[in-house]
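Visitor: Below you will find the structure I want to go over with you.
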Amino acid sequence: MSFLLELKTRNPELFWFGLICLILALVLGVLSKVIPTQFLGISAFYKPIKFCLSTTFFAWSMAWFCFYLPNFNVKFFNWSTIILLGFEIVYILVQATKGQASHFNLSTPFYAFMYSLMALAASLVSIYTGYIAYLFFKEPLAQLPDYYVWGIRLGMVLFVIFSFQGFAMGSRLTHTIGAADGGKGIPFLNWSISAGDLRIAHFLGMHALQLIPILAFYVLKNTKATFGLAAVYALVAFLSWYMAMRGKSPF
């Protein structure tokens, strides 16, 4: 609760946006048990749930980090994030209620246009995050421990790299290599257990934004150890991408 209260003080717009996404994920979790609509053999609501949760983590992380930048126009970033990611969530949810694909759906000119808009929205958020990462390299942040600052920097860099790894899926119009999308996968995340799945590296890399700063601040408390953690984390994410490209599952 103290974290949430501090977060609300630091950035009320992204606090409320993240909270709304979290509540929506919980509501959709209930709906996934009572509404039988499916897509590719699983509840159609799983995908918007995952996007809502991921958006909550992103919004709250950036709300926390941007507070440290002294001359940053955080209001513009806040509303850009809310509009762009909010658009993605709404469209993914609409398609889920119809049991239809949001991503890789080129079946009509309208769906192809909406898919392109989603790609543009995600790219703009990633580019903006890359700019914020640049500011963390540029701005003097003497009030923060070096290991924490480097955790934020490296987490953001990996986030940006692996967010753009999503184009490896978009260019193929599939996230599974070696099999069709929708095969047997691990519970909820549905990552393939029989073929390569590009979503694994995408997930790992993007959530470096949370894991590396948290571990640097609370566990490692050392700059060299933070670099080591980021290197190992990047290697694991890269290897998961490499395995996926070869059609191999880590499970």
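The values are calculated or read from the model by the stated rules, or taken from the named source; none is laboratory data. Bear in mind the structure is a predicted one, so any value in this text is a computation, not a measurement. Here the Cβ is made from the backbone with ideal geometry for all residues, glycine too, and neighbour counts use every protein chain on show.
Visitor: If you check every pair at least six apart or on different chains, which have Cβ atoms under 8 Å apart with a residue in segment 25-37 that is in the same structural domain as PRO48 (by TED's automatic domain parsing) first and a residue that is surrounded by fewer than 14 Cβ atoms within 10 Å (Cβ to Cβ) and of a type in the set (Gly, Ala, Ser) second?
Guide: Between residues of segment 25-37 that are in the same structural domain as PRO48 (by TED's automatic domain parsing) and residues that are surrounded by fewer than 14 Cβ atoms within 10 Å (Cβ to Cβ) and of a type in the set (Gly, Ala, Ser), the close pairs are THR37/GLY99.
Visitor: For TRP241, are the conditions met, namely being part of a helix (DSSP H, G or I), farther than 25 Å from TRP64 by Cα and of a type outside the set (Val, Ile, Thr)?
Guide: It is true that TRP241 is part of a helix (DSSP H, G or I), farther than 25 Å from TRP64 by Cα and of a type outside the set (Val, Ile, Thr).
Visitor: Restricting to segment 38-52, count the residues that are over 21 Å from GLY86 (Cα atoms) and in contact (Cβ under 8 Å) with a residue 12 or more places away in the chain.
Guide: 5
Visitor: Being over 16 Å from the mean Cα position of the chain (by Cα), within 27 Å of ALA59 (Cβ to Cβ) and assigned to a helix (DSSP H, G or I) is the requirement here; does LEU204 meet it?
Guide: Considered against the rule, which asks whether it is over 16 Å from the mean Cα position of the chain (by Cα), within 27 Å of ALA59 (Cβ to Cβ) and assigned to a helix (DSSP H, G or I), LEU204 comes out as no.
Visitor: Evaluate segment 244-251: report whether one residue or more is aromatic (Phe, Trp, Tyr), under 29 Å from ASN105 (Cβ atoms) and part of a loop (DSSP other than H, G, I, E, B).
Guide: Yes - at least one qualifying residue is present in segment 244-251.
Visitor: Under the condition of being modelled with pLDDT under 95 and of a type in the set (Gly, Ala, Ser), which residue from segment 147-171 is surrounded by the most Cβ atoms within 10 Å (Cβ to Cβ)?
Guide: GLY166
Visitor: With the condition being touching a residue at least 12 places away in the same chain (Cβ under 8 Å) and more than 19 Å from the chain's Cα centre (by Cα), I'd like the helices (runs of 4 or more DSSP H) fully within segment 84-192 carrying at least 2 qualifying residues.
Guide: 109-138, 146-164
Visitor: With the checklist (1) within 30 Å of CYS66 (Cα to Cα); (2) outside the structural domain of ALA234 (by TED's automatic domain parsing) in hand, flag the one item MET156 doesn't pass.
Guide: (2) is the only condition that MET156 fails.
Visitor: So, one more: Quickly run through segment 130-146 and pick out the residues that are modelled with pLDDT of 95 or more, within 22 Å of GLY228 (Cα to Cα) and aliphatic (A, V, I, L, M).
Guide: Scanning segment 130-146 gives ALA133, LEU144.
Visitor: Let me ask you something else. Is segment 222-235 home to any residue that is assigned to a loop (DSSP other than H, G, I, E, B), at pLDDT 95 or above and more than 25 Å from ALA122 (Cβ to Cβ)?
Guide: yes
Visitor: Return the residues of segment 215-251 that are loosely packed, with under 14 Cβ neighbours inside 10 Å, under 20 Å from the mean Cα position of the chain (by Cα) and over 30 Å from LYS184 (Cα atoms); say none if nothing qualifies.
Guide: ALA231 - this is the single residue of segment 215-251 that is loosely packed, with under 14 Cβ neighbours inside 10 Å, under 20 Å from the mean Cα position of the chain (by Cα) and over 30 Å from LYS184 (Cα atoms).
Visitor: Another one. Would you be able to tell me the number of residues in segment 44-73 that are surrounded by 18 or more Cβ atoms within 10 Å (Cβ to Cβ) and part of a loop (DSSP other than H, G, I, E, B)?
Guide: Count: 2.
Visitor: Among what's in segment 6-43 and is in contact with a Gly (Cβ under 9 Å, 6 or more places away or on another chain) and closer than 18 Å to ILE186 by Cβ, pick the residue that is surrounded by the fewest Cβ atoms within 10 Å (Cβ to Cβ).
Guide: For segment 6-43, the residue satisfying everything is GLY41.
Visitor: Regarding segment 189-211, can at least one residue be identified that is in the same structural domain as VAL149 (by TED's automatic domain parsing) and over 30 Å from GLY29 (Cα atoms)?
Guide: no
Visitor: Every residue in segment 92-107 that is surrounded by 15 or more Cβ atoms within 10 Å (Cβ to Cβ) and farther than 18 Å from ALA122 by Cα, please.
Guide: ALA96, the sole residue that qualifies.
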